[in-house]
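Worksheet for the structure shown next.
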Amino acid sequence: MTWRTPFTALLTVPASIALLIAAAGWVLVMAERLYGTPAWLMPLDAEAARTILSVIATSTMTALSLTYSLTLVVFTLAASSIGPRLLKRFTTERANQITAGLLGGTFLFALVALGFSGARPARIATVCAGGLAVASVVQLIWFVRMVAQSVSVDDELAKIAARLRADLARLRDNSAEDIALPEAATFTPCAAVAEPGYLARLDRAGLVALAEKAGIVLRVEHAAGAYLFPGTQVLSLSGTASPDVMAELQGFVRQEPARSDAGTVYFSLNLLVEIALRALSPGVNDTFTALAVSDMLSGALSEVARARPRPEVLRGADGAARLILPGAAIRALLDEAYNPLRRAAAGNILMAQGIARAYQRLFAAGHAETRAAVRAHAAALLDGLIRHGHDDLDIAAVRDLMPGPVSPDRGC
């Protein structure tokens, strides 16, 4: 889990790739000393081999530093208009990590080959360095394409929405109503946080395995990403656990000093809402980006529009419930997603129409509870437009897109 944090992801993945490639350079030089050079390999004298390796080492390091300098400038500009968390995601993208590792590894490979070849030409290492240089050029082209996609707001929205849909689909699939759960009164606290901070993502597989081994049922009291004070209970158990199991459970509770992608639906949802609110701000004034966010939010929420509010339950190998996690009711998700957008759209008829279309889609896709929540949101949207003083014609244009007859509700 910690491999996905920015520092460790930037350090471990590229560094591992670079060191493996550098070690391969030493192996090739030593193998050529022991077994000689294949007859079919192109002829190279020592001076030519050193020149080629020197050029490759210099060019790859220059390309690495220049590419990352320019890319960070582009991402900084994009973060000011899309969202500041874009910079944190930059370090955890696999394309960026592989590019850094390959370019750095090619540089180290050439240095190792130069240092260990001595007076003898390292022909095998030189040919392989040329292959790495070709691979670096191809990777660099792919990297530029990935960066261009990352700073495109539409592509970024699609990625975030895809994660949100996947998380909501997981909640829906793990919330089957036929799973027998222990009574709430049987759960007792067993693990708490030790200091203030954000709750990190829990090792679900590890908790399920431990609960099955100990014959207990665990319940997570707070969703990952929640800010908790010291002493706040995170895990509760139903059953009897030994002191060793209790100590092991405490080890599963970790905190982070800053908010990060904890793999919850609310992180991706709030990220989309943040982008939409920035787009609707007077400094940006990009209504169509906010409209895209509203469309994608409605598409993601349709995954649970017909699901009943149930906690997420993970089963053990025996099919019994072993880990109970906080679920997400459609009403709470609607409030989290559309309350900020509805307030921001009070002075924007175009955005209000987009939100009304989203309500209409969710109303058609949901069950009775979803429809009741959508009607309440639609009434609040209409009430905000009236209070903002829009023309009757503009208000009627929004009302016509509402899911069924809706009247403004001053109490919303």
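Taking the 0 to 90 degree range and rounding to the nearest ten, how far is the long axis of helix 204-214 tilted relative to the main principal axis of the chain, both from C-alpha atoms? Compared with the principal axis, the helix lies near 80 degrees. Given R0 = 51 Å, the distance between the Cβ atoms of Arg308 and Ser69 translates into a calculated FRET efficiency of 0.50.
Across the chain, the relative contact order, built from alpha-carbon pairs under 8 Å that are at least six residues apart, equals 15 percent.
Seen from Ala205, the other residues with C-beta closer than 13 Å to its C-beta sum to a net charge of +3, counting Lys and Arg as +1 and Asp and Glu as -1.
Give, as a single signed number, the net charge of other residues whose beta carbon lies under 14 Å from the beta carbon of Arg33, with Lys and Arg counted +1 and Asp and Glu -1. Result for the neighbourhood of Arg33: +1.
Taking other C-beta atoms within 10 Å as the exposure proxy, Leu297, Leu66 rank Leu66, Leu297 from fewest upward.
Taking the C-alpha atoms only, the angle from helix 243-252 to the longest principal axis of the chain is near 80 degrees.
With neighbour counts taken as other beta-carbon atoms within 10 Å, the residues Ser136, Ser236 rank, fewest first, as Ser236, Ser136. Give the shape of the range 303-412 as rounded, prolate or oblate, defined through the alpha-carbon gyration tensor: a ≥ b ≥ c are the square roots of its eigenvalues, a/c under 1.5 means rounded, and otherwise the shape is prolate if a/b is larger than b/c and oblate if not. Because a/c hits 1.5 or more and a/b exceeds b/c, the range 303-412 counts as prolate.
Charge dipole (Cα centre; +1 on Lys/Arg Cβ, -1 on Asp/Glu Cβ; no other charges) of the chain amounts to roughly 360 debye. One decimal place: the segment Ala148-Thr76 gains 24.6 nm when fully extended, by the rule 0.36 nm per residue minus the C-alpha distance. Each label point was placed 7 Å from the Cα along the Cα-to-Cβ direction; for Leu34 and Leu19 their separation is 2.2 nm. Projected label points at Thr58 and Ile141, each 7 Å from Cα along the beta carbon direction, are separated by 2.5 nanometres.
Estimated from the Cβ-Cβ distance and a Förster radius of 45 angstrom, the FRET efficiency linking Ala372 and Asp318 is about 0.70. Per residue of the chain, the DSSP helices (runs of n ≥ 4 H) give a summed -39500 (n - 2.57) that works out to -21500 deg cm²/dmol at 222 nm.
With θ taken as phi - 60° and the Karplus curve 6.51 cos²θ - 1.76 cosθ + 1.60 applied, the whole-hertz 3J(HN,Hα) list for the range 282-289 is x, x, 9, 6, 10, 5, 5, 5 Hz, x standing for glycine and proline.
Arranged from fewest to most other beta-carbon atoms within 10 Å of their beta carbon, Met246, Met296, Met351, Met61 become Met246, Met61, Met296, Met351.
Using R0 = 30 Å, the C-beta based FRET efficiency linking Asp155 and Asp394 works out to 0.40. Taking Lys and Arg as +1 and Asp and Glu as -1, the other residues whose beta-carbon sits under 10 Å from that of His367 total +2.
Classify the chain from the C-alpha gyration tensor, please: rounded if a/c falls under 1.5, else prolate or oblate depending on whether a/b exceeds b/c.
oblate
Compute the angle between helix 153-173 and the longest alpha-carbon principal axis of the chain, please, reported from 0 to 90 degrees and rounded to the nearest 10. Once rounded, one gets 70 degrees. Under 1.5 on a/c is rounded, so check that first for the range 251-380, then, if it is not, pick prolate when a/b is larger than b/c and oblate when it is not; a ≥ b ≥ c are the square roots of the alpha carbon gyration tensor eigenvalues. It comes out oblate by the Cα gyration axes. Model label sites at Arg331 and Val27, defined 7 Å from Cα along the beta-carbon direction, differ in position by 6.1 nm.
None of the figures in this text is laboratory data; all of them are computed from the coordinates on show. Given the structure is predicted, the values throughout are model-derived calculations rather than measurements. No Cβ is skipped: glycine too gets one built from the backbone with ideal geometry, and neighbour counts run over all protein chains shown.
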